[in-house]
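Asks: Supplied in structure tokens, the structure appears directly below.
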Amino acid sequence: RAVLNVQFKAYAELAENEVFIICGSLPQLGSWNPDRAPRMAREALGSGCWMLEVVIPTQALVEFKLVLSGPADIDMRWIGLGESEANIIMQTGHDAESGCRFLSEENLPFDLSFVDHWQMIEVSDESPGDKMSIPESDSKPEREDVDLQSESGSTRQDSHNTSAPADTSSCNESDCESDSKSICLAPWTGTTLLPARESPTRPLDRYPGIYAAESDLDLNLPMRRSLSCRALPESWHEARSTWELGFDKHQFLRSECKALGERARAAVKAGNSPSELARLQLTCLELRARLAQALEDERPPETRDLEHRGQGRTSGEMTLVEVNSQLRDILEQLRECSRLSLTAERQKESQELQHRIESAVFEGALHARARLALPTSKVPVFMMLPLDWAEDDAMGIRNEVQLKAQLECLKRCGVVGVMADVWWALSEPAPGEYRFGAVLRLCALLRELRMELQATMSFHRCGGNIGDNVKITLPAWVLEVAADYDLFYRGPTGDVSEDCLSLSADSRAVLPGPNGAPRTALTCYGEFMTAFAKSCSAHIGGTIIEMQVGMGPCGELRYPSYMMSKGWCYPGVGNVMANDSGMQKMLSDATGMTAPPDGLPASVNSMPEDAALFRVAWRQRGGDMALRQGAAKVFFEWYTHVLLEHGQLLLHEAAAAMDFVDPGKKLSLSVKVSGIHWWVQHPTRSAELCAGYNCCTSATADAYVDIAEMLTRAAEKSGRQIALNFTCLEMTTMPNDELSDPEGLIAQVRRACTMHNVPLCGENALGFDMATGSHEFSQMQKQIRSWSRGPDRMERITLLRLEHAFNAGRDPHALRQFIASI
């Protein structure tokens, strides 16, 4: 007989003790029992490709799900189609050309696919259509032929036929002798079965005393309609009795209709959404089509039950007509409930909108305005573009066709927009000469796709930090002057950072202007943002909904204390960057100190206990920390204060630039704050302190509260919403030697933002695979708190990062599920 050898494939990065199981309606797939279902195996050691080869019958409708099994098969997760986890349905063909197909290829989990091969198998030693031997009561030879024939003389029929076997009640009971060596015919399969003592194969648990043939495929082979015999073994009567108790396909359809009715009643009682009810309706229609086919197979006179002899409808037809009537009632009920549910859902949406409006006072005016503007989801998700998304002349998009396909894929997943770096070096190659052609082309593309843009004013260098695979320096005309006038940050060992200009350059008018007049760095930043706003005025407040203002290395409000380009390795505390001439002059003018205090880290990779100022006496064995008294306390409080003052001045320039083209204040601003999570549990919090975040010079010192207060002052002065964008959302606090606590740090920042009514946004610190990064997405989902109605819920999420190698043709299922969950 013909069968299909199907090879399934799925793609997922699972834990070492996890495995996929394919469990479904066929015996080969465990008959919905995962303990008997086959397990998938990795294609190769360490590979994310899982494979399974299984032989299934032709002309069958196979339903199954993927089961993700945990350690010792204790934790099992059933995975189906889409959010409803519906059964995956496969239709097998009737010949080698038709093959198999999924009835629904949308929302297949884990890129599930298959390859099928048509092949012939040997069902038994003799074809069921030929003669078989059973004992006869007279001469009692060891085996004698039994004729198999249908009422019309046919010896074969369609495998979908599900009629009952021939009535054998007319057989003479006295002629039937039980012989342990006899071969019996299973009426629902049309294949030979051997008694227990001679069977070479395993027992069939559901049929006592009967042993299955070599392959479970026999359970789906066509049955025979009549049996001319003088005697039948006992196993025949046992099998026929079992079949009559409900294993025929008619009874299976009846049971399936009954289960569907229970699901429909449960869905109506639970008040499910119209989309869920529509899926149930589709299931009903599919079952109705199968009923119609079964009824059509039942009607030819040669396939009618023998007891009716062609007079009226057969018992099988009556069963199918009854089930069809029940199914029609279920469909009518579902359609009516769908109509009522749609009306109820609209009323619910109206009530939710009214509730959000009433809660605007609690959430704060700025916070509520952003919350009510969300069109589809509670927390919008953005994606960072590649660092080199723009061409080198900043006038076009690099690989625009590929980028459009990627954006279309992201939009289908629920991503609402992108974040793009607007590099100072590319967009102002000469003083006062601005190029924003690439931004305008990107805005046109996003408008076409109905997506939004977060534009980042990148006044820093790209290259030499974590995740930097592109090198973009500061403008050449800036580098020349900065080297001459000592405008770069310098550490205690003489290391110079060219990541960005020192904040001391904000007030030094030494950079060239378009007309030859010298400018301060702050003026350069302001004029650059003004030129950007004027060039993109048609998109400000529409496509461009946010501008993130770069304030230091990696665009973050901090000092370049840890630089991989200078040999820094995690978890070094970094260096204090205040030894350039401009910073020393500012220190002297403000405090009278001529240089930073002694006892600071001697190396960028020093540990806290290596520096005298960061060394502490544990467990109350000494007095107060050195950082809380004397010159160290004065220096670090000044060190943090001037950094915050630099951020406030930059925000003032950004707000003034936007006021030219956006008087309605539709565009919001944001500031990025680094998630320096290592040594957070050390009393001195030295890694944060070197970067300019003071949380230790007094018992009440909290750098993040200070930053939130600064953003609130800037927002009140400008009349614009200003958000705090924090990193390391995907990280988990685990036992470690670096006293790292990212989750505790995020909680501290959240409290500061809530206290001062500052919108909190977030992003992941390190990149990961968007298609399979379920762990990272799970951690981010927890930190976003999308379920909350209060100000602790995050405003927006930006994911790091879309790479050129992103395959737009592959479904990033983990990303899609993450967005749907928030």
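Asks: Which value, in Å² rounded to 10, gives the accessible area of MET583 with a 1.4 Å probe and all protein chains present?
Replies: The accessible area comes out at roughly 0 Å².
Asks: Pairs of alpha-carbon atoms within less than 8 angstrom and 6+ residues apart define the contacts here; what relative contact order does region 29-101 have, in percent? Before the final figure, lay out each step's value.
Replies: Details: 88 pairs, mean separation 16.6, N = 73.
It rounds to 23 percent for region 29-101.
Asks: How high is the relative contact order of region 406-487, in percent, with contacts defined as C-alpha pairs under 8 Å that are six or more residues apart? All intermediate terms of the calculation are to be shown ahead of the outcome.
Replies: Working: 82 pairs, mean separation 28.0, N = 82.
Relative contact order comes out at 34 percent.
Asks: Need the C-alpha centroid separation for region 453-479 versus region 1-79, integer Å.
Replies: Using only Cα atoms to place each centre, the spacing works out to 48 Å.
Asks: Count charges around GLN548 for me, please; just the other residues with Cβ under 15 Å from its Cβ, Lys/Arg as +1, Asp/Glu as -1.
Replies: Result for the local shell: -2.
Asks: Report, in listed order, any pair from LYS65/LYS258; LYS666/LYS782; LYS378/LYS666; LYS566/LYS672 with a Cα-Cα distance greater than 27 Å.
Replies: LYS666/LYS782
Asks: When only Cα pairs under 8 Å and 6 or more residues apart are kept, what is the percent relative contact order across region 586-678?
Replies: Once normalised by length, the contact order is 18 percent.
Asks: Mind ordering 447-459, 753-765 by average Cβ neighbours within 10 Å, highest first?
Replies: So the order, starting with the most tightly packed, is 753-765, 447-459.
Asks: What's the ranking of 512-518, 103-109 by average number of surrounding C-beta atoms within 10 Å, highest first? Could you put the intermediate results ahead of the total?
Replies: Working: 512-518: 11.4, 103-109: 14.4.
Order by mean packing, descending: 103-109, 512-518.
Asks: Let me ask something else. What does the charge count near ASP741 come to, summing +1 for each Lys or Arg and -1 for each Asp or Glu among other residues with Cβ under 13 Å from its Cβ?
Replies: My count for the surroundings of ASP741 gives -3.
Asks: Right, here's the next one. Grab the other residues whose beta carbon is less than 9 angstrom from that of CYS413, score K and R as +1, D and E as -1, and report the net.
Replies: The answer is +2.
Asks: I'd like the chymotrypsin sites (Phe, Trp or Tyr not before Pro) in region 751-797 restricted to DSSP loop residues with at most 10 other Cβ atoms within 10 Å, sorted by number.
Replies: TRP787
Asks: Heavy atoms only, probe 1.4 angstrom, no DNA, RNA or ligands counted: give me LYS258, LYS65 ranked by accessible area, highest first.
Replies: LYS258, LYS65
Asks: In addition: Mark the label point 7 Å from the Cα of ALA405 along Cα→Cβ and return the residues of region 412-451 whose backbone N is within less than 20 Å of it.
Replies: 412-415, 442, 445-446, 448-450
Asks: Given the peptides 434-444, 555-565, arrange them by the average over their residues of other C-beta atoms within 10 Å, most packed first.
Replies: The peptides rank, most packed first, as 555-565, 434-444.
Asks: So how do SER507, SER740 rank on accessible area, 1.4 Å probe, biggest first, that is with the largest at the start?
Replies: Working: SER507 95, SER740 15 Å².
Largest accessible area first, the residues go SER507, SER740.
The values are calculated or read from the model by the stated rules, or taken from the named source; none is laboratory data. Everything numeric in this text was worked out from a predicted model, so none of it was measured. Note: ideal-geometry Cβ built from the backbone for every residue, glycine included; neighbour counts use all protein chains shown. Protein only, heavy atoms only, side chains kept; ligands, DNA and RNA dropped before computing areas. Shrake-Rupley method; radii C 1.70, N 1.55, O 1.52, S 1.80 Å.
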